[in-house]
Amino acid sequence: MELFKHTASQLHEKIIEKEISAVELTKAVLGRVDSVDKDVQAYITRTSETALAQAQAVDSKIQRGEKVSVLAGIPGALKDNICTKGIKTTCASKILATFVPPYDATVAEKLAAEDAVIVGKANMDEFAMGGSTENSGFFPTHNPWNLETVPGGSSGGSAAAVAAGEAIWALGSDTGGSIRQPAAYCGVVGLKPTYGRVSRYGLVAYASSLDQIGPITRDVTDSAHVMNIISGYDAKDSTSINTGVPDYTKSLVNNIKGLKIGLPKEYFVAGMDTEVERAINKAIEQLVALGAEYKEISMPHTEYALSAYYMIAPAEASSNLARYDGVSFGHRVEGNDIIDMYKKTRSEAFGAEVKRRIMLGTYALSSGYYDAYYLKALKVRTLVKQDFDKAFEQVDVLITPTAPTTAFKLGEKTNDPLAMYLQDVCTIPVNLSGVPAISIPCGFAAGMPIGMQIIGKPLGEETIIRAAYTFEQNNDYHKGFATLGEV
Amino acid sequence: MDYEIVIGLEIHTELKTNSKIFCGCSTKFGSEQNTNVCPVCLGLPGVLPVINEKVVEFAVKAGLALNCEILPFSKFDRKNYYYPDLPKNFQTSQYDLPIAVNGHLDIEVNGETKRINITRIHMEEDAGKLVHSGATISSSDSALVDYNRTGVPLLEIVSEPDIRSAEEARAYLEKVKAILEYLDVSDCKMEEGSLRCDANISLRPHGQAALGTKAEIKNLNSFRSVQRGIEYEVIRQEDILDEGGRVIQETRTWDENKGITASMRSKEQAHDYRYLPEPDLVPIVVDPARVAEIRANLPELPDARRQRLMNDHGLSEYDAGIITSSKAVADYFDQSVQNNGDAKVVANWLMGEVSKHLNSEGITILDCPVSPKQLTELLALIEKGIISNKIAKAVFEEMWTSRKDAEVIVKEKGLVQISDSSEIVAIVESVIAANPQSVADFKAGKDKAIGFLVGQIMKQTKGRANPDMVNTLLRERL
């Protein structure tokens, strides 16, 4: 099997056993990028040279007999909204097309400290706004399982890179489902940690109260390894949680006896693909057979979550994105005066979806509308959160589909924002309440991967990792590899 | 018609923390442009603010000193507006849950005490500074931004509309400034912009409960401009109302050179700040025990110090009030008294010679070339009769420029007072002999004539003769 098809933990064994070198592995992945990225288009920026230098450093360490971490020398991708010192960070927006941060995001620093190799910066929906990566200001990314379909979004580049063997692991960010939904569409594992578990310092903000960085990997084991590295309190992020980080690999246990699973009936929405529903039901049966207890529960405010999200996230975005004005960094279009410059710069360099959300958010916060929209949405958010609190009084985890359908065709929903927004209906409530959730492959429909979402209590990553790992160990869905027409 | 003047003040003061409110950059004033900056205060993509604990502590101090209630739970909000000196295009400030509310301050105007209620005190970040290419904004074709000031911590202190005159406004502002100085939380240098003030002004007929339409006056950057700006605005509004017109609700700016206020923007053009809770910061929870600790450690404030000066040193309320209105002056006074200076004499000198010299050079007592120790040494020379009060003033003048000690100057210039009675008697007798007419006048009951004789004696001794002895010896011999 080609090197790029292995998982990080497998490759780590090979590296420390000196079966392969980090440079060899990195070259294999870079070669894969060379051969398939023209079709997948997962990367905005490639960092081949620094990747090889990082790999070389790992090999030197190993030659000196030093102990190296599990991600040392393993090539991965960072979503292009994670700041990297000296490397362009564009958020897939023309407004930041030439922006080179003078600092590293905390997660980038942590990965560098573990000697991880970075292959490049992955494509995304502009400023993480979207569910298909078609909103990239540069080009869309294609789903490696079927190049005519979308990889999901907004972390579509990260998910596609991992699925196509263009990266062994990746980081994405998740504001309303942006890690889990593309992971589901691309047949990989995506974990959105508890809000505050991973530092947001250096993550270019979309909606600050919802954004969270997390891993996209080939299997649950790698997800646990990446979580071990990126999690933890950060003095630079006041919203990060100041409690110790457990060793998540300790939760890689193939046993869910006595685990109480809740199935919220409100998540099985109209318009859900019957194959998706069948796959989830089958998975539940299997989990029950493995010793889990199962009960259907009700989370009555679920139907309002999507609307609340599309008030809160755009409201925060309208403020977060105000700094892109052409004054001191980023794209600038000269104007007759400062206001004219603002208008021309922002009109030219922001894409349609970003503009739509800035307008939505500006409206929701405007005097006279604030109470009816923004404040009401905050109240709904509290109710949604209470639904989760109540659910977790009864069960340990919740299981839902990650998305109502499998990956759709490029262009299919670009003219229908509401249809696009509905793809996030199962993932958005999780962000509103701040709890962790993981999406894992649980079947295929017409050859396209289906994702199952396992939602945990606040800081309940260990439980969802154990449930996901158990399911994975008893199935082969994660072992399939996108063929990319190479049959 | 005679109107009641209604004024509310918003005072902005920069806090003298070492670092900025949300990052570790220095707050030093006057550094080279754009050197006290980092990704956080430049608002680069991906950065996050972290609250400087010192700012909260200073805000609590100010809140307690201004008799406010400290809210146990307060939070930051974003105030959204576009301006090139604001890198994020929002200012992180506090909106509905400020750190301190419901305070008050008693001021004295024309011998009467008046209470000004304080609505709220909140923390926020300062903006940067625009440097225009031309002499004025309109004549400039470009502007550069200096972000050194961006993120310097500010307190905004908002009063209720309880102020009724420009004098009251000035007295209130001076007292707030004094308190902030006493707390050592702000330099309060209006000339450097570390203390700024906006005034909301409206008029209403006496006896009317409803407030009139207000105008907000910005750019009041000195005590003088606060007073002048308000006085101008009151007359402007009076004229409008007298002519049957209506005051427009608007923001106006004070033009110090022209001495007028001019419209900046109307109510319709007012910003909709679209406040939203700052999602990148957690709410500020102030532990009541910490508040109690800060309260217990508050320094002596102007009112208490004034009372102490009256009680311990027998100063009049007026003198004590003047000396304690500035912490630095009061400190100078205390240090002088500790150096065995007589309190009343020190007070007189502070309000007299020292103050006169400071004013003529436009400096504060912090830059006074004569130290408290030097002043008390000078006063000791008078006390011991070595020099007269009059000579002392000349010596002080010399100390001011040469920075030498009083004793050195007195020695160098031979200014020691003549207190040897035989020496004085000789001079007295020679003057009596040389001025028979004055002696005759005195004996005829013209008391004034003695002044002439004393003057002649002083002239001969270059002012060094002990005046008391001269008087006594002269009268004896007449």
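Laboratory data are not the source of any read-out in this text; all were calculated from the coordinates shown. Treat the numbers as computed from the prediction; the structure is a model and nothing was measured. Don't worry about glycine lacking a Cβ; one is built from the backbone with ideal geometry, like all the others, and counts go over all protein chains shown.
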Dipole axis of the protein assembly as shown (+1 Lys, Arg; -1 Asp, Glu on Cβ), positive-most option in A:313, A:329, A:383: A:329
Dipole in debye (nearest 20) - segment B:181-260, about Cα centre, beta carbon charges: Lys, Arg +1; Asp, Glu -1: 240
Amide H contacts of residue B:77 (H built 1.01 Å from N, under 5 Å, at least 5 apart or other chain): B:93, B:94, B:95, B:278
Which of A:203, A:30 has the fewest Cβ neighbours within 10 Å, and the rest in rising order: A:30, A:203
Label-point separation, residue B:174 to residue B:136 (7 Å along Cα→Cβ), nm: 3.4
Mean separation of Cα contacts under 8 Å (6+ apart) over length of chain B, as relative contact order %: 14
Size of electric dipole in segment B:116-256: Cβ of Lys, Arg +1 and of Asp, Glu -1, about Cα centre, debye, nearest 20: 180
Listed residue pairs exceeding 25 Å between alpha carbons, taken from B:54/B:373; A:236/A:355; B:390/B:448: B:54/B:373; A:236/A:355
For A:323, B:236, order by how many other beta-carbon atoms lie within 10 Å, fewest first: B:236, A:323
Global geometry of the protein assembly as shown, whether rounded, prolate or oblate, following the gyration tensor of its Cα atoms and the 1.5 cut on a/c: prolate
Alpha carbon centroid spacing (whole Å) that separates segment B:83-139 from segment B:218-269: 18
FRET E, pair residue B:317, residue B:419, Förster distance 35 Å, beta-carbon r, rounded to 0.05: 0.40
Phi-based couplings in Hz for segment A:332-347 (Karplus 6.51, -1.76, 1.60; Gly and Pro marked x): 9, 10, 4, x, 6, 8, 5, 5, 4, 5, 4, 4, 5, 4, 6, 5
Spin-label proximity, residue A:48 to segment A:1-41 - amide N less than 20 Å from point 7 Å beyond Cα toward beta carbon: A:3-5, A:21-41
Gyration tensor (alpha-carbon) shape descriptor, segment B:3-292, a/c threshold 1.5: oblate
Within straight-line cross-link reach of residue B:175, lysines at Cα separation under 19 Å, skipping those fewer than 8 residues along the same chain: B:16, B:61, B:114, B:189, B:327
Charge-dipole axis of chain B as Lys and Arg at +1 and Asp and Glu at -1 on Cβ define it, positive-most pick from B:221, B:62, B:37: B:221
Helix runs (DSSP H) in chain B reaching 20 Å along axis by Cα, Kyte-Doolittle at least -1.0: B:166-183, B:223-242
Computed label-point distance, nm, for sites residue B:246 and residue B:394 using a 7 Å Cα→Cβ extension: 7.1
Sites residue B:267 and residue B:447 - FRET efficiency at Förster radius 51 Å, r taken between beta-carbons, to 0.05: 0.10
Percentage relative contact order, chain A, counting C-alpha pairs under 8 Å, at least six apart: 17
Centroid-to-centroid separation of segment B:310-338 and segment A:50-94 [C-alpha atoms, Å]: 66
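Can you classify segment B:421-477 as rounded, prolate or oblate using the Cα gyration tensor, where a ≥ b ≥ c are the square roots of its eigenvalues, rounded means a/c under 1.5, and otherwise it's prolate if a/b beats b/c and oblate if not? Before the final figure, lay out each step's value.
Details: a/c = 1.69, a/b = 1.68, b/c = 1.01.
Prolate, because a/c is 1.5 or more and a/b exceeds b/c.
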Rounded Å value of the spacing that divides the Cα centres of segment B:380-416 and segment A:422-487: 90
For the protein assembly as shown, share of DSSP beta bridges that run antiparallel, in % to the nearest 5: 80
Estimated FRET transfer efficiency (residue B:363, residue A:371; beta-carbon r; R0 45 Å; 0.05): 0.25
Cα-centred dipole magnitude for the protein assembly as shown, charges only on beta-carbon of K, R (+1) and D, E (-1), debye, nearest 20: 520
In order through segment B:95-110: 3J(HN,Hα) via Karplus (6.51 cos²θ - 1.76 cosθ + 1.60), integer Hz, x for Gly, Pro: 10, 8, 10, x, 5, 9, 9, 6, x, 7, 9, 9, 10, 10, 10, 6
